[in-house]
1. Find the accessible area per residue for the stretch 87-169; the probe is 1.4 Å, ligands and nucleic acids are left out, and the unit is Å².
2. Does anything in the stretch 157-187 have its amide N under 17 Å from the 7 Å Cα→Cβ label point of residue 193, and if so which residues?
3. Quick one: which of 199-208, 356-365 comes out on top by average Cβ neighbours within 10 Å, and what's the full order, highest first?
4. Going by average Cβ density within 10 Å per residue, which order do the peptides 214-223, 245-254 take, highest to lowest?
5. Provide the three semi-axes, in whole Å and in decreasing order, of the ellipsoid equivalent to the chain as defined by the square roots of 5 times the Cα gyration tensor eigenvalues.
6. Which order do peptides 124-134, 384-394 fall in by mean Cβ count within 10 Å, highest first?
7. Return the calculated 222 nm mean residue ellipticity for the chain, to the nearest 500 deg cm²/dmol, obtained by summing -39500 (n - 2.57) across DSSP H runs with n ≥ 4 and dividing by the residue count.
8. Picking from 107, 170, 334, which is most flexible by a Gaussian network model of the chain using Cα springs under 10 Å?
Amino acid sequence: MSTLRRHPLWILVGVGLAVRLYLAFDFYGTPAIDVLAHSAEQAQSGDIDAAYGEGGFFNWPYPPLYLAWLVVADGIADVLGLPFHGVVQVLPILADVAIALAAYAYLRSRGAGERRPLAAAALVLLGPSFIAVSGYQGQIDSPAILPAVLAVMAWELRSPAHRAVESGLLVGIGAAIKTVPGLVALPIVTAARSLPEAVRFAIAAAAVPVLTIAPLALAGVDLHRITDYGGVAGFGGLSLVVDPGLGMDFLTGTVPTDLGAVSEALSDGSRWITALLLIGLAAFLLRYRPAPVDGAVLLWLAVFAFSPNFFLSYMVWALPFFIMAGYLRETAILQAAVLPATVIYYLAIGERVHEDALAAIYVASMIALWAFWIVAVFAVGRRIVRARDAHPAGVQPPLAAAAVEPG
């Protein structure tokens, strides 16, 4: 016991693992498990083309790297006689643990004492947003964003001679699991000291997804689901704000046949909206050159604020960077604030409740969350602009002085 008392981090790890493993093995979770099971079956048979297919809910919408884990998880489940829905979530659960340890190590490396890094780890290990995604939903967001988290750490903590390639490869691994983590390349590449360093990073970041996708493309596998998938309108983001009734319909079990003119335009133009957003963000990052961790915070705030579609599971993309940037209190409040909407969402998609009152709470919560993203993106952007005056040349140091305070 004395050893455990000296290392409370391991108590947090144990509790976080226990809660997630209980949920993973005792509950089937959400229809996302069906996608994993179908894709595992197709990948194990060697029919990768069928895994991507012509369309439909059960087809795999991501790059192929994670399919390897689905095959392994299916094999482990068969050999040990365990449920696939539990085994397949072990990797996301371990990814959460790794994110927590990374956040702890990052804040320690920034000079923080023991208290704040432990709080950072607790926000991941005991955080309901993380637990819901890795331990219940069965989504792959934690394994996908973990390499991007490590990439930001590698850029800041590794030697300048090696950081470009190492950080680039890590971003590439994340993008080969799910394309969205590749966006973290933007705040990193804009912090490069020189054009050659930026090029080395970009080549390394592109190499992994290219090497994983190219064989499928050469074999004629239809990969349009990887490039075309943009989420579903009505569950969050601008599409819900402009048409709250759409969210009410989804949450009460009504499948709308008409998105409406504005929602349809947002859905059809989502890729162009995102592209314009990233161009504007790149220009801002090049002009003010924040530290990559602060650039990553601004990136996700902007994506959440201005992209048409949003799911609560997307928060896992951003929360590790909020924590690393020192926004511990804000992250705790944010996870607590969205907990009711998270519970309602999972009850609804699991067809356990279709009540108008609960749907209204969800819709109101998601609109409030969108308003928070809007306020936060301008607040963080303003902090970055003001910090440029104190650091007129080169890349800015991390904004959050709290991240390096002792205690």
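The values are calculated or read from the model by the stated rules, or taken from the named source; none is laboratory data. Quick caveat: nothing in here was measured; it's all calculated off a predicted structure. All Cβ positions, glycine included, derive from the backbone under ideal geometry; neighbour counts span all protein chains shown. Heads up: the accessible areas ignore ligands, DNA and RNA and are worked out on the full protein's heavy atoms, side chains in. Shrake-Rupley method; radii C 1.70, N 1.55, O 1.52, S 1.80 Å.
1. For the stretch 87-169, the solvent-accessible area averages 28 Å² per residue.
2. 157-168
3. 199-208, 356-365
4. By packing density, highest mean first, the sequence is 245-254, 214-223.
5. 31, 25, 24
6. So the order, starting with the most tightly packed, is 124-134, 384-394.
7. When only DSSP H runs of four or more count, the value is -22000 deg cm²/dmol.
8. 334
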